[in-house]
Structures are given as structure tokens and as C-alpha cells.
Amino acid sequence: MKNIMLSIGQLIKIGRINKDLSQEDVASELKVTKNYISLVENNKKDPSINFLRGVSKLLDIPVILLIWEKMDLPKGKTDSEKKITTQLEKMLGDAQQLFAQRALGVKK
């Protein structure tokens, strides 16, 4: 399976397009400006957690996928902690891959 890494902005843009919504539609629904949506989609503005919660609900994108890129996962000190971190990274990667397959029509 090819690994596809998408930025927060790319995920939002893909989700918006899949829902057949314009930037104006999303901006109106989330009570922000179209310019703000554009800045976020082009990775020129880091969105607030409240915005991410709203866009997650509106576009049916799991919020964990939106914040994953910004997460600083602890590497763990014990073998158990390291194992959990490795599993979490794999799980998040798999979730993003599934989203990309569904949203972009990407095949294995």
C-alpha cells in the first residue's frame, strides 16, 4: 500500500470538495471568512482546535486525522510505551490511508 501523507489543508480541501461545498459554504457554516478557509487549505494558517472540531463534523473527517500532522507523539521510555507509540503511529497512518482511498479514489 502506497503511503499518502496529506496536510491539514489538503484533508480539509478534499473533504470539502467531496461534500460538494464551496469555500463560501464552509465559511458560512463555521462562521469564518472565505479567506480564512483559503489560508487553511493552502497551509498558510494554522486552524484553531474549535475550527478543526467544526470542520471535522461538517466534512465527516475524523478530527484525529486533522491534528495528526501537528501531534508530537512521545517516543516512550519503556518497551511497552514504545510499542504503544508504534501501534498508534501505524493506526493513524492506516486511518489516513483509508480516508485518502475513500476521498480520492486511491487504490491499494
### Query
For residues in segment 16-33 being open to solvent by less than 90 Å² (accessible area, probe 1.4 Å), at pLDDT 95 or above and part of a helix (DSSP H, G or I), which is nearest to Leu59 (Cα to Cα)?
Val26
#### Entry: Residue selected from segment 5-55 under the condition in contact with a Phe, Trp or Tyr (Cβ under 9 Å, 6 or more places away or on another chain) and touching a residue at least 40 places away in the same chain (Cβ under 8 Å), by the criterion nearest to Lys90 (Cα to Cα)
Leu6
### Message
Just the residues that are of a type in the set (D, E, K, R) and open to solvent by 80 Å² or more (accessible area, probe 1.4 Å), please, taken from segment 40-54.
### Response
Lys44, Lys45, Asp46, Arg53
### Task
Could you list all residues from segment 14-56 that are among the β-branched types (Val, Ile, Thr) and within 20 Å of Ala100 (Cα to Cα)?
Ile14, Ile17, Val40, Val55
### Task
Could you pull out the residue among Lys77, Lys57 that is under 15 Å from Ile12 (Cα atoms), basic (Lys, Arg) and either open to solvent by less than 70 Å² (accessible area, probe 1.4 Å) or at pLDDT 75 or above (or both)?
Lys57
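The values are calculated or read from the model by the stated rules, or taken from the named source; none is laboratory data. It should be emphasised that the depicted structure is a prediction, and the values quoted were computed from it without experimental measurement. Virtual Cβ from ideal backbone geometry, glycine too; neighbours counted across all protein chains shown. Quick note on the areas: whole protein, heavy atoms, side chains included, nothing else; ligands and nucleic acids left out. Shrake-Rupley method; radii C 1.70, N 1.55, O 1.52, S 1.80 Å.
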